[in-house]
Structures are given as C-alpha cells and as structure tokens.
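Each reported figure results from applying straightforward, stated rules to the coordinates on display, with no laboratory input. In this text, all values refer to a predicted model and were calculated from it rather than measured experimentally. Here the Cβ is made from the backbone with ideal geometry for all residues, glycine too, and neighbour counts use every protein chain on show.
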Amino acid sequence: MTKGFLHFTFIFLFTVFNYNTVAQGDVLTILHFNDSHSTLSSLGPRTIDLEGTQGGMARVASIIGLTQMTEPNVLLLHAGDVSIGDLFFTKYFAAAEFQLMNSLGFEAMAVGNHEFDLTPDALLGALQASFDPGEGFPLVSSNLIFDGTTPQLESYIEPYTIIQKGPVKVGIFSLLTPETNIFSQPLPIIVSEDIVEKAAEMVTTLSGFNCDVIILLSHLGVGYDQLVASYVPGIDVIVSGHDHYKFETPLTITDPVGGTTLLVQAKSNYMYAGKMKLEINGDDVQLLEYQLIHLDENIPEEPTIKAVVDNLILGIEATYGPVYSQQMGYANAFFEEEATDLISLGAHDTPIGNLVTDAFKSAFATDIAIQAGGSTALPLWKGPLVAADVFRVNGYGFNIINGLGFQMVTFDIEGQYLLYGLEFGLSEIEKNDEFLLQVSGMQYFYNGTMPATERLTGVLINGLPIDPTAIYSVSTNEFILQMLDFLSIPFSNVQLYQGVTEFQVLTDYIISQGGFIHPKKLGRILNVGDTQSRGMLFANGWVNSEEGFYLPDPSVTGKLFFNINLRNRFNAGEPTGRVKINLRRENFRFRSNECEWLLIENSVATVLGKGQVNGAGNYGFLIEAYSEIEGIECPQGGLRIVIWDIDDGERIVYDNLLPQNINRGRIFIRNFFGDEGEFLAAVEDETINHPYEYALEQNYPNPFNPLTTIKYSVPESGAVELKVYDIIGNEVATLVNETKAPGSYEVPFNASQLASGVYIYSIRAGNFAQIKKMVLMK
C-alpha cells in the first residue's frame, strides 16, 4: 500500500469520524459523475513517462471503493453522456464504459444527448454487448416519447427508478434536453419539450411510493434545471449533467412552496467526483456536507481496473497505432478550451479555438477557418502530448470511414451570409459558448449588451473590412456545414475530404510546428460594448519575466519594464497614447504605433494594437491590465502581456500567460464619471515619479551657453553616477554621485568656467550605462 493511499484513507476516515459525531437522522451519501464521454484512461498533465495525472476509470474505482468503505448508504449515479469523445468510444462504442460502470456498481444513469449521436441502434448495441435488461443498472429518462418500434431499447430505459438505501427510499427520475431533437439523432424516439409538466408528474408518482428523497438525475443543463426546480415543488436534489460545470458547493433553488432544491454538477471526463451527504428526518432533507473531489495524482489508481483499461488501450493501439504510448508533441502551457464570461468586455478567443482554426486554415489554404465552441471538448495540459490528447480536443464527432471524428470540408460563402452566421453564433452568449465561432484569418467585434441578432458590430477578414458581396473560402468540419444548412445559410462549392478528420489535421499541424505549441490569445473575438466610453489606463514599472515567457529564447529571465499611457475621450476604438515594453537583457524593445482598442470594465482594461520591435517589423499586442486580481493579493496591479509577429504566422514572441502581479510600479484604471481633468492631473502627479526604465535624455537647451539641464530616470533604488567629460575624456564635472530612489530627475549644469566645444555626459546606474554629447557655444 502506498503512502498516498494511506494518507487518502486517513482523510476519509477523519471525515467520517467527524460526521458520525453530528448526524442524528438517517443518512444518504450520493457519489455522482457526469459527462464522462468514454474517457476511461487518465488525462494530462502527463509525466515524462506519459502517465496521466488526473481522471481515468481506475481512480473512479478507488474513490468508489473508499467511499463505500467509509460512508453509509452510498448511492452511485451518473448524469449522462458516456458516448462520443474518446478513442475508447471510437473502438468500443459505449460498451467498454457500460461494462466497467456495471462492475463498479453504478445504480442509475441519465440518458444524455450524445447517447443518440449514432442513432438509437448504436446505443442498443452497446447496451446489449454489456448486460441484459434488468441485469445491469437502469438508464433513466422520463421525457422520451417512444413510438413502439424500439421495444428492445425501451427494455433498458426506465422513466424512473426507486432504490432502497438502508432505511432511506430514494426515487430517481430523469429529463433530457429537448435540443437532442436538433443536434443529435434520436429518431424514431422524440424528446418531449414538456419538461416542467413531466417533472411534476414524476414527483407526484414518486411521492406516491413514499420516497424519502426525490432526485432529478438531469441532462437538461443547469439553466433548465433551475427553471424546473423553481416551478416544481418536492425535488430534493438535482444531480446535473450536460454543461460540464464544476460546482464546488451546491446551488440552492427555492421551489414554489418555499422548499429548497440542491443542484450539483461535477465537471466532466471523470476528472471530479461529487460527494453529497444528506440527513433525512421524516419529510425534512438537509445537506450535511458536500465535497467536489479532484481525481488527481493524490487518488491512487485501483490496479485491477487499471489493468483492464490498459488492455483496452492495447486494442486501440492495434487499430490506430501508438496513440497512448508514444509522445507526439509538447504543450508549453495550458490550452484553455472554453470561452467564459462572454458578456464581459475584452478578448474571448481561446487558445484551443485558435489552435484548431489555425490548423484548419493552414491545411486547406482557405481565406478563413471556423470552429464552434460546442465542437471542441477538452483543453490541452502543459507537458508531453500523446495523440489521444489531441483527439479529445475535437472528440465529439464520428464518421463511418475511420470513426476518428468529423471529416473536414471546405466551401465558399458570401460575406453577407458569413455575417449572419457570426450573428447566430453570438445568440446565446449569456448561457455558454456552444454556438460562438472561434476563427482564423478573421477578427470580429460585438456588443454584449445588445439583444440577440443585434450584437455583431464589425468583421475584418485578413485585416480588411468584410465585403458583404465578396465570396470567401472557408474550412471547417462537416457538422458546422450541417448547422449552416439547418439555419438556411447559403454556401457553395462544397468539398468533403473523405476520411480526413479534424484529428488528423490538428495532429499534422502540431507536428509541422516542430511538435512544440504555445497557447495563443490574440483578440480575434472582442466584446467592445457600446464603444462610447471615456477612460484611461496608466501603468509603469516592471514585472519578473520568467522562463518560457520570451519565446525566442525560453531560458531568458529578468525584468520586463512597461510604460502604458492610454486614454479614450469618446470611443473605445480610438484610444490615444503609447505602449512601451522593454526586456533589456535581450535588447527587446517593443513600441506601439497603433492602439486599436482600450476597453475598460471595472478593474480590468484590455488593450489591443500594433507596433514594432527594435524599430522594425509588424507586431500585434494584447495587454490585459488589472488593478485587482480576484483571489490574488495584488496591491500594485497585474498584467498579461502578449506580443506576436503578424507577418510570421502570428508567431508568439512574448507571453507571460496569466495576469501577473507587478513587482514595482503602479496601474491605474478608470472610467470617467466626473471631471476628467481633475482625475487626469491626480493620476499624472502620482505616476510621473515612477519611470518604468532607465533613461538619459538629451540636455536642453543644446547647444547652450552657459546653462543647460540634464534629465534622467531610474526605475529602482541604487547608486547613480552622472559625470561630464571633455572631448578627449578628461572629467570636468561630477553632477550626481549618490543613491537615488526610483524617479525622474533633472540636474542643472553651469559651464561658465569651460571653453566652447563638444562635451560628453554619462550615467551609470546598476547595470545601466549611457553617454550623450552636448555643445557649448560662447
């Protein structure tokens, strides 16, 4: 037994001991999972031996076993979607997961929308290969309408189930999202839209059986879950699926008679388990404790189940090659998949969205590439990558040629219809990013405050405004093309690349990058609000530049100096001012020559624009400045800085990856609600003495006789030496020789005792040294 296992067991036993000292009534423990998508092996981050460090059925087995050993009356539930998303499904369909779930003692599972992606026949086949009706756990769905032509499948699916756990009788019913009728293939089965009425009917039925606890095992999504709970009394718990949300604590919803419904959801892909303890006293059901348990490296893998999964991997690799056992790439950092907070101002393109669409565009040389947020599934974690990780990025598809996801298509579309498609993609951003289009070769802007169908405000195609009458070539997957057809959006010149899948295209693209990939966030999708804002961003100082931030040489570390002085007077898209970034150790000096957007909301400012490095080139930049960072002590502010080479495939040259607490300096972010002039003066007074880099300015006046002034700046405390020499190197004056605090200084120089001629003045401060010439003319 490992030390990790002992430590984990101790935690469980300690928790149970404490629980037993307070519980008075009957206790029910619910252990729940959702949206596993056949992810039976562990996920990244991977070790150097390519072992996954989170998730996997072997860790699920461990958490089930430990919970059953230490908790009373354990009820094991799954809220649906075992189908589609992993090579285990591609090879074995859902049968492998059904069999493992049954062996581990799962007691009920909701029918998810993806269970019908390959039609009811495929679901039936997987169930028949796993267990006979009545011999395994029931699938539950209360709003399926059967037409009598699928009796074998009906024998596996119940409208409700009742389970006795010790003294506690538990009634379980389930509801499936009606969107399944549109986005999956349930026919001849129909998913009823009468979810509130069906929920009320099920509560009445289960109450009639004197159930102590009523659970809605839901695959509606949280929005519909909350709606149902707010209209239907008597639901004690909703174990939710479909959204892949990670709730650290249960949501509470008040029903029409003042009762409380608890709602939980545990992320996806077996990365988390939710554990809920309830105390039941007659009709009273109370929450004792809830834990969202991360199935990470601290959870040991149960060896018997791990051996089964490893054997299944051998079967996968016999068909598809070394997709688990051989490294094919390396991710320099975490690649976020989901676009969140889409109503907030700022950039909403994702590293996964940019990676996928860049791969599409590169493979087919189209004008643009698109991918819906709902078509990507999982992120990529920092570290070694195997092909199975890349497959899961776009794992939802399937094709009959090789099963390896959706096939690729190219087509032509007129600009005006592309605008319509983008507008549709923005229609549900209050809920999620399912329809939001991630893009390559394109940038688009929207106003999140406007109603659906009125949000899109601008589109650039390869840097130029979209022409509604022009024809643009597009690359994407076949599902997106089907959605355009469903929306009656015209397109032409369709080319389906049979057997060429998103997985293949993305794999080839990663290999073409030398196997080394870095996450990109470039402001391709920008919520600009109503643009009629007035505000400012002042920032100067320095921040530690760590290993991996400077991409041309990831080993470089040091101080990154910044100076940002921007303001909007009338329009967020017309800021004035400058941005300077300096990594002196590498002589990397970025200067903006065009600031396109300054977006300010609360304590966050987003800046997007173009500039040059060392006076040359064409570079883009994205800065996210924070006067506060949630969850991080940030007294001086924080910065995210991304700089990329526009003319070299948007190659990232600098990226500090996350909002980083600055080491010295200050960040001021303001919207104007009062007197702009008073605020501006106050900010400039405070920031003027906080230079972001060393500097020696040209004396003024020059030429001079006999008085002139020399200005210099130091960004940190230290010894400063400022001297004057004649043209042959003889020292003629020492103007400064002392320790100086950070600030900007000016020193008068009186040359009344010197002859006319050229003189040299020099400064030394820390590792900084610079000289300039001046001319004395009498």
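Below are the figures for this structure:
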item: Segment 462-548: GluC sites (Glu not before Pro) falling in loop per DSSP and having at most 16 other Cβ within 10 Å; result: GLU546, GLU547
item: Scattering profile of segment 121-245 at q = 0.15, 0.17, 0.20 Å⁻¹ [log10 I(q)/I(0), Debye over alpha-carbon scatterers]; result: -0.73, -0.93, -1.22
item: Rg(Cα)/(2.2 N^0.38 Å) for the chain, N = residue count; result: 1.13
item: Fewest-first ranking of TRP381, TRP597, using other Cβ atoms within 10 Å as the exposure measure; result: TRP381, TRP597
item: Antiparallel content of DSSP bridges confined to the chain, in %, to 5; result: 85
item: GLU746/LEU460 FRET efficiency (R0 45 Å; Cβ-Cβ; nearest 0.05); result: 0.50
item: Added length on full extension, which subtracts the Cα-Cα distance from 0.36 nm per residue, ALA365 to ASP530; result: 55.9 nm
item: Radius of gyration and Dmax over the Cα atoms of segment 3-311, both given in Å; result: 18.6, 57
item: Per-residue Cβ neighbour rank within 10 angstrom, fewest leading, ILE253, ILE662; result: ILE253, ILE662
item: ASP553, ASP243, ASP296 arranged by Cβ crowding within 10 Å, fewest neighbours leading; result: ASP553, ASP296, ASP243
item: ³J(HN,Hα) computed for each position of segment 696-707 - Karplus, 6.51 cos²θ - 1.76 cosθ + 1.60, integer Hz, glycine/proline x; result: 10, 9, 5, 4, 9, x, 7, x, 9, 6, x, 9
item: Net charge of Cβ neighbours under 12 Å - reference TYR759; Lys, Arg +1; Asp, Glu -1; result: +1
item: Environment charge at VAL556 (Cβ cut-off 12 Å; Lys +1, Arg +1, Asp -1, Glu -1); result: -1
item: Span from the segment 431-474 Cα centroid across to the segment 136-203 one, whole angstrom; result: 39
item: Spatial separation of Cα centroids for segment 530-553 and segment 503-528, in angstrom; result: 22
item: Fraction of antiparallel bridges per DSSP, segment 218-264 only, in percent to nearest 5; result: 50
item: Distance from segment 715-737 to segment 557-628 (C-alpha centre basis), Å; result: 33
item: Residues whose placed amide H lies under 5 Å from that of TYR272, excluding near-sequence neighbours; result: LEU295
